[in-house]
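Please read the structure below before turning to the comments.
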Amino acid sequence: MITFRNPVLGGDRPDPAVLKVGDEYWMTSSSFESAPGLLLYRSRDLVTWTFVTAALPRPAGITFAVDIAEVDGRFFIYIPFIPASWSALTEPSIFVIHADAMEGPWSEPIDLGIRGAIDPGHVVGEDGTRYLFTNGIRRIALREDGLSTAGELEHVYDGWHYPDEWITEAYALEGPKLLRKDGWFYLISAVGGTAGPPTGHMVIAARSRSVHGPWENSPRNPVARTKDAAQAWWSRGHATIVPGPTGDDWWMISHGYENGYRTLGRQILLEPVTWTDDGWPVGADDIGGDLVAPAGASPQAGPTSWTDDFTALPSAQRWTFHAPGPAEAERLRLDDGLVIAAKGDSPADASPLVTIAPDHSYEIEVDVELLDADTEAGLLLFFNDRLYVGVGIDGERMRTYFGGHPHHRPEPAPPVRRLQVRIRNDRHIVEIHYREPDGEWVRHGLRFEVSGYHANTVGDLLSLRPALYACGGGSARFRSATYRALT
């Protein structure tokens, strides 16, 4: 008997959307202010996932929770974009991309003209008409090709209301995902708020014989919820229910924060779903221990380590830009490593190149060289433009950052244009070492504690990620980057 432990895909991958295609499952998640966005993963067992491609090279805005759909052999991803300083949008807007295969290539985003809504959920009604459900819960019809709308948004469901004494962030009816089973349409939604208290976010279910309603709430709601802050996974929600590999088993994929490690963001959770005799889905009470895996599942891999020697341009599997402009990829070129053109005046507005960290303890090491004057470059643990920690060099000194600000204490690093830097994050205790190439490692004079670098601190639903940055007026070369999980 094969067992697994959550997460099945570690690191910050919020709002999972899952589609079963034949014997395969495809999944993506909200990519927020990252480009390329919408990383697509494939699995045959729901436990082990393999990166395939990024469906969204150039986001039109901040990418919120999507849905994946297949109709008549064609594939669609419905995407809500949120305005950002680097986008042309002025309000939340839903777009769509489409492809002949999940591997792509994917089209450029098409504006559906839906404003003021997020979290699209696609379904084909009993009469063959296609619909999108959105937060609220509202609904709008799509034309046959799924690339334009027919009509306006209309409110169709009030949600299930939990007891007032439950400790949640906000009611926030969102994340609709729909499935059809045994003559019923099931509407799976989230309420309670996605961050805030650990017991907030939850999964609820309603059903109807028709896509037009009326919707009956499950008497066993919520389907899944963190009931106590002592549990291993907090804020469980935003779920998709899919049939398992045998066709007779059912599973739920959702996201949640790991107890004590909100810094890692919302990670991908898997749990079995049972159906009651009267036809309602029920999740597991606690998903923090060993769970029996779906039939035929492969054993989970252990912690991963990797080295990128930058002999090729970065893959979206590993590196994405934070807060990108429309031509951000043009900042990169290959020349004895990865050369990054500087941007902005500090790490805050440099659109750093970030990578997801899925481990409690890890270290990342880079070799950085300044190619021009008026350039600063280095290595960070980056949450957002207000919250980061790390170091950079400008040829004259080392600059240390903590809490998103330059630290007042000078570090007596050599005034060089090339340096190797290592950041170790050991269960939120951060140490920094540096050396000239082939020299002896020197321990930075400061240590940092970063357990507060998370969404509830700065109100941004991101995670703490290793990052390469270059700011100022020139460029910097990164010859290598190595990530090692620590046990």
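Every number here is computed from the coordinates shown, using simple stated rules; none is lab data. Predicted model only: the values in this text are computed from it and were never measured. Glycine also receives a Cβ, built like all others from the backbone with ideal geometry; neighbour counts cover every protein chain displayed.
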Note to self: For the range 456-474: of the residues being closer than 9 Å to PHE383 by Cα and either without any contact (Cβ under 8 Å) to a residue 12 or more places away in the chain or hydrophobic (A, V, I, L, M, F, W, C) (or both), which is surrounded by the fewest Cβ atoms within 10 Å (Cβ to Cβ)?
What the structure shows: LEU462
Margin query: I'm checking my understanding of the structure. Among residues of the range 312-340 that are assigned to a loop (DSSP other than H, G, I, E, B) and closer than 15 Å to VAL368 by Cα, which one is nearest to the chain's Cα centre (by Cα)?
Written below: GLY337
Item checked: Single residue of the range 381-403 satisfying the filter (among the charged types (D, E, K, R) and assigned to a loop (DSSP other than H, G, I, E, B)) that is surrounded by the fewest Cβ atoms within 10 Å (Cβ to Cβ) -> GLU396
Next item on the list: Specify the residue that is farthest from SER254 (Cα to Cα); the eligible residues are those in the range 273-326 that are of a type outside the set (Gly, Ala, Ser) and free of Cβ contacts under 8 Å to residues at least 24 places away in the same chain.
Entry: THR311
Note to self: What's the total number of residues in the range 232-274 that are polar (S, T, N, Q) and crowded, with 22+ Cβ neighbours inside 10 Å?
What the structure shows: 5
Note to self: Looking at the range 404-423 only, could you name the residues that are surrounded by 15 or more Cβ atoms within 10 Å (Cβ to Cβ) and part of a strand (DSSP E or B)?
What the structure shows: GLU411, ARG418, LEU419, GLN420, VAL421, ARG422, ILE423
Check: Can you tell me which residue in the range 275-296 is surrounded by the fewest Cβ atoms within 10 Å (Cβ to Cβ), limited to those that are of a type in the set (Gly, Ala, Ser) and under 30 Å from ARG209 (Cα atoms)?
Finding: GLY279
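Among the residues of the range 1-24 satisfying the criterion of being under 19 Å from ARG74 (Cα atoms) and surrounded by 23 or more Cβ atoms within 10 Å (Cβ to Cβ), which is nearest to the chain's Cα centre (by Cα)?
Per the criteria, the residue is ALA17.
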